[in-house]
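What follows is a set of notes on a single structure, which appears directly below.
The values are calculated or read from the model by the stated rules, or taken from the named source; none is laboratory data. If you're wondering where the values come from, they're calculated on a predicted model, not measured in any experiment. Neighbour counts are summed over all protein chains in view; Cβ atoms, including those assigned to glycine, are modelled from backbone coordinates with ideal geometry. In case anyone asks, the SASA skips ligands and DNA or RNA and just uses the protein heavy atoms, side chains included. Shrake-Rupley method; radii C 1.70, N 1.55, O 1.52, S 1.80 Å.
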Amino acid sequence: MNDTKPPDAADDPMASVTRPTRKATPTLLRNVLIPDSGGDGYLRRDVLIADGLLATIAPAGTLPTPHGGGQLVDCTHRMLLPGFFNAHTHSVEHWVRGLIMPLPLELWVLELIHHEPRGNGGWNGPKSFDKTPSLAIGVSAMLCGVEALLSGCTAILDHLFIRNCEDMATAVAAYKAVGIRAFIAPMLDDDAELYSNYIPLCSAAEEVNRRAHAAGCACGSRGMRADGNFRERPGGSDAEKTKKQLALWEECVERFHRPDEGIHVVIGPVTAYSASLDMLRGAADIRRRHGLAGHTHLLETRAQVIINNTHTDNKTRG
């Protein structure tokens, strides 16, 4: 499903976005509180920032004000800390903030899949997966990056579901424009039915389904499956989709992995149970060949523990 035709690049206002290259102004942080590297306390220091680096750290009140347009900041009531790292987020979820009622994560994700801009309830109804422009992904990534900076983060890992490299390109452009270091993990799977394995199996599914139907009870779109039934067995994978997803990761690495420019591509299967063994092995091979980090969902909830144990056992036996 990653061969969706992208919108015309000429219509994409983010296509030419690059990371800002402003000349850094020397800045002296006077009398700032910093952690004591030699103990558990804090110290007052003067800190000179020059050329984008912490150039000098000296006892408070000892460094001169920078010359040639430098900036002096009185930090008597301030503390200096390293930039935080948001080690797991999904930028596209900004589009559904406040839209979905509180639910167990697995059911909440099913609502997310439906309501995000590319879902069946997205911007273009049932045709949203094909019709929603990649620019939507860039806009939510930009918002995510800005909010991260405002909360003290200077780096972010975005586990990002993409349809194609155009989705990835707009996210890369957005993070470059914001100026935050971004680790982007294209979140891919090879389920024959998208995210069919996201709901735990029910060992007595046949009997539970029979009783529920006899009583006139149907869970509908909020149930274990779209037809309201509980799942009896793991969903299958699609070998052709596996090849396409591995190729998409490879293309993303080739086009976008630029650590020196603040963009790192991370290999990110959506979960261990929505990826076949062939896909997981392929992901590991890509990581080894390119020296990349990896990222996935594994133990976020008790349900994920159950699903992983079930699928790992099935895969091992298979």
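Quick notes on this structure:
- Filtered by the rule that a residue be touching a strand residue (DSSP E or B) at 6+ places or on another chain (Cβ under 9 Å) and either of a type in the set (V, I, T) or modelled with pLDDT under 95 (or both), the stretch 130-150 gives T132, I137.
- Taking (1) exposed (fewer than 13 other Cβ atoms within 10 Å of the Cβ); (2) at pLDDT below 90 in turn, A87 satisfies each apart from (2).
- Taken over the stretch 131-153, residues that are in a loop (DSSP other than H, G, I, E, B), on the phi < 0 side of the Ramachandran plot and small (G, A, S) amount to 2.
- Residues that are in a loop (DSSP other than H, G, I, E, B) and either more than 19 Å from the chain's Cα centre (by Cα) or surrounded by fewer than 19 Cβ atoms within 10 Å (Cβ to Cβ) (or both), drawn from the stretch 171-193: G179, A192, E193
- Within the stretch 228-246, being open to solvent by 60 Å² or more (accessible area, probe 1.4 Å) and either touching a Lys or Arg at 6+ places or on another chain (Cβ under 8 Å) or among the hydrophobic types (A, V, I, L, M, F, W, C) (or both) holds for one residue alone: A239.
- No other residue among I162, I156 is part of a loop (DSSP other than H, G, I, E, B), modelled with pLDDT of 95 or more and surrounded by 18 or more Cβ atoms within 10 Å (Cβ to Cβ) apart from I162.
- Of all residues in the stretch 157-182, those that are within 26 Å of K127 (Cα to Cα) have Cβ atoms under 6 Å from Cβ atoms of residues that are open to solvent by less than 10 Å² (accessible area, probe 1.4 Å) and among the hydroxyl-bearing types (S, T, Y), 6 or more apart or on another chain, in D158/S91; E166/S134; D167/S134; T170/S134.
- The lone criterion from (1) surrounded by 14 or more Cβ atoms within 10 Å (Cβ to Cβ); (2) closer than 20 Å to G236 by Cβ left unmet by H264 is number (2).
- For the stretch 111-130, the set of residues classified as surrounded by fewer than 18 Cβ atoms within 10 Å (Cβ to Cβ), in contact with a Lys or Arg (Cβ under 9 Å, 6 or more places away or on another chain) and in a helix (DSSP H, G or I) consists of F129, D130, listed by residue number.
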